[in-house]
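Please treat every number below as a calculation from the coordinates, not as lab data. All values derive from a computational prediction rather than experimental measurement. Neighbour counts run over all protein chains shown; Cβ positions are idealised from the backbone, glycine included.
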Amino acid sequence: MKKLRSTALFPTLIFSTRFKDKKLCRELAEECEGFARLDDQGRKWSLVNYPHGYTSYASITDLHLRSSQFEKLGRWIDSQVAIFAQELGYDLKGGRLRMTTFWINIMKPGASHPFHLHPLSTVSGTFYLKTPPGCPAIRFEDPRATQFMARPSILEKGSGLFHTYKPSEGSLVLFESFVRHEVPSYRAGKSTKPRISVSFNYEWVQPDRF
């Protein structure tokens, strides 16, 4: 392999791993569907802001405080966020990353989630509970995209403006909150079953706020 004379600077790290407790994943998916049935406020908000889907983003954002099962998942996610923070080289100056919001997303055919980022957070992520065949993947945008000027396309596969991460049940993906991402439209195909996931944000807190 030819030695490069260039140095890679400012990498964008995306962390992924898997949760092995399949039984807990099934139970959490059922809990999500139960919350959706009971959450009148969330369903009304989703009708306007998340057509063909349900999210508790505007109604129930503290799953880890409402359910012992989600608390268990939250503790595992905490451990993975700690690993990600080390890989990012964060100097937390005696502080820590704390989960501040934790909510449900249920996508049905026709639902989509346009490009966005998570302001006022440090690390964000999604954990996947149900991923039927044909359900959409999460897609990340190169954070430098708005700065490119007269730049040719890149020949190497996977080095374009976007990167797609295809999730599976029990998978976790973490990213820094400034990274823009989307979930394209869920097109009915092999399955019409819902895609169920939970998303969350972490903020950097100082010792006097623990």
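Report the longest stretch of the chain that contains none of the trypsin sites (Lys or Arg not before Pro) sitting in a DSSP loop with at most 16 other Cβ atoms within 10 Å.
21-92
What does the charge count around Phe178 come to, taking other residues whose C-beta lies under 14 Å from its C-beta (Lys +1, Arg +1, Asp -1, Glu -1)?
So the environment of Phe178 carries a net charge of -2.
Per q in 0.17, 0.18, 0.19 1/Å, what log10 I(q)/I(0) does a Debye calculation on the alpha-carbon atoms of the stretch 18-205 return?
Log10 of I(q)/I(0), two decimals: -1.19, -1.32, -1.43.
Taking the stretch 131-200, which GluC sites (Glu not before Pro) meet the DSSP loop condition and have no more than 15 other C-beta atoms within 10 Å?
Glu156
Going by how many other beta carbons lie within 10 Å of each one, how would you line up Asp208, Asp78, fewest first?
Listing Asp208, Asp78 from fewest to most nearby Cβ atoms yields Asp208, Asp78.
Going by how many other Cβ atoms sit within 10 Å of their own, how do Tyr54, Tyr128, Tyr90 line up, fewest first?
Ascending Cβ contact count within 10 Å gives the list Tyr90, Tyr128, Tyr54.
Among Pro136, Val198, Leu97, which residue has its Cα positioned farthest towards the positive end of the charge dipole of the chain, with +1 placed on the Cβ of Lys and Arg, -1 on the Cβ of Asp and Glu, and the dipole taken about the Cα centre?
Pro136
About its Cα centre, what dipole magnitude does the stretch 3-64 give when the only charges are +1 on Lys and Arg Cβ and -1 on Asp and Glu Cβ, stated in debye to the nearest 20?
600 debye
Where a Cα-Cα gap under 17 Å defines reach, which lysines qualify for Lys22, not counting those fewer than 8 residues away within the same chain?
Straight-distance partners of Lys22: Lys72, Lys130.
Net charge within 11 Å of Tyr128 by Cβ-Cβ distance, Lys/Arg positive one each and Asp/Glu negative one each, not counting Tyr128 itself?
For residues surrounding Tyr128, the net value is +3.
Let me see the P(r) profile for the stretch 1-105: every Cα-Cα distance counted, bins of 5 Å, each bin given as a percent of all pairs.
Calculated over all Cα pairs of the stretch 1-105, the distribution is 2, 10, 16, 16, 15, 14, 11, 7, 4, 3, 2, 1 percent.
Can you pull the semi-axes for the stretch 4-48, root of five times each eigenvalue of the Cα gyration tensor, sorted largest first, whole Å?
Semi-axis lengths for the stretch 4-48 are 40, 20, 5 Å.
Can you give the local net charge around Cys25? Use residues other than it whose beta-carbon is closer than 12 angstrom to its beta-carbon, Lys and Arg +1, Asp and Glu -1.
My count for the surroundings of Cys25 gives +2.
Long-range amide H contacts for Leu92: which residues qualify at under 5 Å (H placed 1.01 Å from N, peptide plane, sequence gap of 5 or more or a different chain)?
Distant-sequence amide H within range of Leu92: zero hits.
³J(HN,Hα) across the stretch 107-118 via Karplus (A = 6.51, B = -1.76, C = 1.60, θ = phi - 60°), whole Hz, x for Gly/Pro?
9, 10, x, x, 7, 8, 9, x, 3, 7, 10, 10
Hey, got the dipole for the chain? About the Cα centre, +1 on K and R Cβ, -1 on D and E Cβ, debye to the nearest 20?
For this selection, approximately 760 debye.
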